[in-house]
């Protein structure tokens with residue numbers, strides 16, 4: 001049985017994901033919980049989701065703009081005001097030195113006490129959760145947390161040219177991985193989660209069963225945590241980085 005956690009408030013938290021909408025499918029209820037506790041949350045979205053979308057009448061050149069706007073609106077639905085895009089190509093993400101540097105830059109700028117990332121480990125029970133971009137973003141993010149962002153001699157241009165001092169993130173949450181160890185009860189924030197997801201119209205408008213699907217996933221997580229019937233939860237692997 002997974003541990004049920006009531007997150008303790010922190011001053012700042014950073015979320016790093018591959019695509020617009022990833023955080024809302026995986027963790028919007030938890031983000032809403034953090035925001036409600038007074039945590040200032042920043043999103044770092046690695047790609048513009050330019051390979052996404054389902055409407056053939058929408059020019060592909062418009063997709064990056066559309067998906068950025070959708071993510072900003074979804075963030076606002078949860079009370080998140082700071083959304084940053086790194087501009088990498090959707091579907092082509094690799095764990096490069098440049099990506100590690102760019103995520104490290106955001107970590108040093110935001111200086112979060114907590115960071116939420118995607119799992120670098122494939123979840124064989126939920127293959128769509130392990131999109132190659134998700135795995136690459138998760139691997140690059142954990143490399144950026146340790147050792148890069150905390151090491152003043154890693155990516156030296158960040159300190160020498162940009163004045164960004166090293167920063168250590170002690171509390172790491174990983175979503176969509178194969179071995180979660182905690183759940184967060186998000187029953188009271190399901191409406192906010194659904195509102196955020198519906199802002200991603202290019203991705204969700206065709207899903208007539210969207211809310212049923214989401215409630216099904218959250219119900220399974222709640223059951224894994226031993227929560228009472230009718231409760232909804234999001235699950236994570238949580239670890240501390242010394």
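The values are calculated or read from the model by the stated rules, or taken from the named source; none is laboratory data. Worth saying up front: this structure is predicted, and the values here are computed from it rather than measured. Here the Cβ positions follow ideal geometry from the backbone for every residue, glycine too, while neighbour counts run over all protein chains shown.
When residue 195 is evaluated against the numbered criteria (1) farther than 22 Å from residue 5 by Cβ; (2) surrounded by 19 or more Cβ atoms within 10 Å (Cβ to Cβ); (3) in contact (Cβ under 8 Å) with a residue 24 or more places away in the chain; (4) out of contact with any strand residue (DSSP E or B) (no Cβ under 7 Å at 6 or more places or on another chain), which criterion, by number, is the only one it fails?
The one condition residue 195 does not meet is (2).
Which of the residues spanning the range 209-218 are assigned to a helix (DSSP H, G or I) and out of contact with any strand residue (DSSP E or B) (no Cβ under 8 Å at 6 or more places or on another chain)? Break it down into steps so the answer makes sense when it comes.
Going residue by residue through the range 209-218, those that are assigned to a helix (DSSP H, G or I) are 210-218.
Selection gives 210, 211, 212, 213, 214, 215, 216, 217.
Six or more apart or on different chains, Cβ under 6 Å: which pairs go from a residue in the range 124-142 that's surrounded by 13 or more Cβ atoms within 10 Å (Cβ to Cβ) to one that's part of a helix (DSSP H, G or I)? Could you list them?
Short answer, once both residue conditions are applied: 140/99; 140/100; 140/103; 141/103.
Could you give every pair whose Cβ atoms fall below 9 Å, whose first residue belongs to the range 6-17 and is surrounded by fewer than 24 Cβ atoms within 10 Å (Cβ to Cβ), and whose second residue is at pLDDT below 95, counting only separations of at least 6 or pairs across chains?
No pair meets every condition.
State the number of residues belonging to the range 198-208 that are closer than 20 Å to residue 176 by Cβ and either part of a loop (DSSP other than H, G, I, E, B) or touching a strand residue (DSSP E or B) at 6+ places or on another chain (Cβ under 8 Å) (or both).
Selection size over the range 198-208: 2.
Which count do you get for residues in the range 144-156 that are over 17 Å from the mean Cα position of the chain (by Cα) and in a helix (DSSP H, G or I)? Steps first, answer last, please.
Going residue by residue through the range 144-156, those that are over 17 Å from the mean Cα position of the chain (by Cα) are 146-156.
Checking the rest, the ones that are also in a helix (DSSP H, G or I) come to 146-148, 156.
Final tally of qualifying residues: 4.
Name the pairs whose Cβ atoms lie under 8 Å apart, with the first residue in the range 63-85 and at positive phi, the second assigned to a helix (DSSP H, G or I) and surrounded by 19 or more Cβ atoms within 10 Å (Cβ to Cβ), and 6 or more positions between them or separate chains?
From residues that are at positive phi, the pairs are 79/32; 79/35.
Given the conditions (1) crowded, with 18+ Cβ neighbours inside 10 Å; (2) over 15 Å from the mean Cα position of the chain (by Cα); (3) over 27 Å from residue 91 (Cα atoms), report the number of the one that residue 112 does not fulfil.
(2)
When the range 157-177 is examined, which residues are found to be assigned to a loop (DSSP other than H, G, I, E, B), over 18 Å from residue 146 (Cα atoms) and more than 16 Å from the chain's Cα centre (by Cα)?
Residues satisfying the conditions are 161, 162, 163.
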